[in-house]
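Taking it in order: structure first as structure tokens, then the write-up.
Here, each number is a calculation from the coordinates, and none is a lab measurement. Remember, it's a predicted structure, so these values are computed and weren't measured experimentally. Glycine also receives a Cβ, built like all others from the backbone with ideal geometry; neighbour counts cover every protein chain displayed.
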Amino acid sequence: MKVLLTGGTGYIGSHTAIELIKLGFEVEIMDNLFNSKITVLDKIEKISGVKPKFYKVDLLDKDGMDKMFSEGQYDLVIHFAGLKAVGESVEKPLKYYENNVGGTINLLECMKKHNVNKIIFSSSATVYGEQNVARLTEEMQTGIGITNPYGETKHVIEEILKDVAEADSKFEATILRYFNPVGAHPSGLIGEDPNDIPNNLMPIVMKVSTGEIKELSVYGDDYDTVDGTGVRDYIHVVDLAKGHVAAIKKMKPGISIYNLGTGKGTSVLEMVAAFEKASGKKLPYKIVGRRAGDLAEVYADPSKAERELGWKTELMIEDAMNDTINYLKHIAK
Ligand code: NAD
Ligand code: UFG
């Protein structure tokens, strides 16, 4: 089966490419390299033995996309490409709607023109909004109380996919709602390497540990949680990548939606302690005020994915921390 990964040089896409290649899938990658580096392709080759064919194309470049699809003759698309900085999306909403929503519409048009009916979409726990309380299940109503334009783009794309499936009985779409991906490949060769200043917890923890950022600001210790700090469902990126392989094997006409998470919540201070334990070093942090739009607790009920896809997470926070530290050692070389 020939699979196109949009955004495939990015963090989650590159790990998924490796899992797919391992199982004999033919993988091609398109990316505009806005938030990833071309050298990722060599690292994929080093780990998997195969260097995927690469197209430097933007989702918004209709002609470039058309040409790629003409050459590619894909059976399925995994659509990772998108902008994901929550804070930036508040400042530049149009950029996010144009890139994420407009880009997905271009992709879907191209798929239709070239008779590609299968898509897996990278959605997010953010679509559950503020009104739903953890444990989050796929049946909960989504789209109400989303606190930023980035999250809105994920919700809108989910709705577009549902409408396309309604209009076309051959269309097969699987929506994967990721919780918080962390960790790196155990080889230490690939991991999260954002081109700009990070705003997620683990990339910041990494930069604090290398001294690039002085200390971690912990956003609030007055939530109603185990220790007052925010609780999230941190999923190892290799487990997440394997979730895509499981989803491919169970594609069916219409829309299928799955949470990809561990089902377990971990607080910010528990994450700090886990990093300190794995690295053997203190991680400087200070408690500051809450970050606007943050929720107290977000974690998945992942039982549907286990039931229907036969997938569940196998790795622990400790694995994610060890792999992150190993990855940091490789970057430092
Ligand atoms: P990433 O930034 O590492 O990868 C996304 C890739 O898409 C990047 O390589 C970027 O260059 C590319 N891209 C962006 N806009 C593009 C365009 N117009 N044309 C071509 N390429 C484009 O991010 P990631 O963490 O690997 O996330 C992958 C997907 O998963 C994204 O859609 C993201 O919103 C979603 N997601 C991520 C998280 C997370 O915390 N990492 C959580 C939930 C959902
Ligand atoms: N946090 C800090 N300090 C920081 C950064 C984060 O204390 O410097 C805390 C947050 O307050 C939160 C937790 O760490 O309690 C996780 O924050 P992240 O920014 O890493 O992740 P979020 O859960 O806020 O959001 C992420 C992605 C969203 C996605 C969501 C669910 O940024 O795009 O996970 O998948 F929608």
- Determine the gain in length on full extension of the stretch GLU318-LYS67; use 0.36 nm per residue of separation and subtract their C-alpha separation, reporting nm with one decimal. 86.0 nm
- Task: Taking every pair of Cα atoms in segment 114-183, average 1/r, invert it to obtain the Kirkwood radius, and report Rg/Rh to two decimals.
- Result: 1.01
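If you take every residue apart from ILE175 with its C-beta less than 15 Å away from the C-beta of ILE175, what net charge results, scoring Lys and Arg +1 and Asp and Glu -1?
Overall, the nearby charge balance is -1.
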- Message: Could you tell me the relative contact order of the chain? Use alpha-carbon pairs under 8 Å, at least six residues apart, and round to a whole percent.
- Response: 19
- With a ≥ b ≥ c taken as the square roots of the eigenvalues of the C-alpha gyration tensor of segment 1-141, please select rounded if a/c is under 1.5 and otherwise prolate if a/b is larger than b/c or oblate if it is not? prolate
- Query: At ASP75 and LEU33, where each label point lies 7 Å from the Cα along Cα→Cβ, what is the point-to-point distance in nanometres?
  - Reply: 3.0
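Could you list SER256, SER279 so that the one with the fewest beta carbons within 10 Å of its beta carbon is first and the one with the most is last?
With the fewest neighbours first, SER256, SER279 line up as SER279, SER256.
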- Average Cα contact separation per residue, segment 166-281, under 8 Å, 6 or more apart, as relative contact order %: 40
- Item | Cα-centred dipole magnitude for the chain, charges only on beta-carbon of K, R (+1) and D, E (-1), debye, nearest 20 | 820
- Query: Pick from SER124, SER89, SER169: which is most flexible by mean-square fluctuation in a GNM of the chain where alpha carbon atoms under 10 Å apart are linked?
  - Reply: SER169
- Task: May I ask you to sort VAL237, VAL218, VAL133, VAL245 by Cβ crowding, counting other Cβ atoms within 10 Å and putting the fewest first?
- Result: VAL133, VAL245, VAL218, VAL237
- Where a label projected 7 Å from the Cα of GLU308 along Cα→Cβ would reach, residues of segment 238-269 with amide N under 16 Å: 243-261
- Query: Using alpha carbons only, how many degrees (0 to 90, rounded to 10) separate the axis of helix 11-22 from the longest principal axis of the chain?
  - Reply: 60
- Task: Please find, in a Gaussian network model of the chain (springs between Cα atoms separated by less than 10 Å), the residue of HIS114, HIS236, HIS15 whose mean-square fluctuation is greatest.
- Result: HIS114
- Compute the separation of the alpha-carbon centres of segment 33-59 and segment 151-184 and state it in Å as a whole number. 24
- Task: Determine, at each q value in 0.12, 0.13, 0.18, 0.24 (inverse angstroms), the log₁₀ of I(q)/I(0) that the Debye formula gives when each Cα of segment 218-323 is one equal point scatterer.
- Result: -0.51, -0.58, -0.93, -1.23
- Over all directions, average the projected area of the Cα convex hull of segment 253-314 and note it in nm². 6.7
- Excluding ASP75 itself, what net charge comes from residues whose Cβ is under 12 Å from its Cβ, given Lys and Arg +1 and Asp and Glu -1? -1
- What is the helix-to-structure angle for 62-72, meaning the angle in degrees between its Cα long axis and the longest Cα principal axis of the chain, kept from 0 to 90 and rounded to the nearest 10? 70
- Query: Rounded to two decimals, what ratio of Rg to Rh does the chain give with C-alpha atoms and a Kirkwood Rh?
  - Reply: 0.94
- Message: Just to confirm the number: angle between the C-alpha axis of helix 237-249 and the first principal axis of the chain, 0 to 90 degrees, nearest 10?
- Response: 30
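Test of understanding: what is the full-extension gain from ARG290 to ALA332, defined as 0.36 nm times their sequence separation minus their Cα-Cα distance? Mind dumping the intermediate values first?
Details: separation 42, 0.36 × 42 = 15.12 nm, distance 3.24 nm.
Full extension of this stretch gives 11.9 nm more.
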- How large is the dipole of segment 167-320 about the Cα centre if only Lys and Arg carry +1 and Asp and Glu carry -1, each at its Cβ, rounded to the nearest 20 debye? 340
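Given axes a ≥ b ≥ c from the Cα gyration tensor, I'd like to know whether segment 75-193 is rounded (a/c under 1.5), prolate (a/b larger than b/c) or oblate. Before the final figure, lay out each step's value.
Values: a/c = 1.41, a/b = 1.17, b/c = 1.20.
Note, shape of segment 75-193 comes out rounded.
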- Note on the structure: Over the chain, the sum of -39500 (n - 2.57) across DSSP H runs of at least four, divided by residue number and rounded to 500 deg cm²/dmol, gives at 222 nm -11000 deg cm²/dmol
- Quick calc, segment 1-127, dipole around Cα centre from Cβ unit charges on Lys, Arg (+) and Asp, Glu (-), nearest 20 debye, gives 200
- Task: Give the shape of segment 136-241 as rounded, prolate or oblate, defined through the alpha-carbon gyration tensor: a ≥ b ≥ c are the square roots of its eigenvalues, a/c under 1.5 means rounded, and otherwise the shape is prolate if a/b is larger than b/c and oblate if not.
- Result: prolate
- Item | 12 Å beta-carbon shell around THR126, net charge (K/R +1, D/E -1) | 0
- Estimated distance in nm for a label pair at LYS250 and GLU109, the labels positioned 7 Å out from Cα along Cα-to-Cβ: 3.4
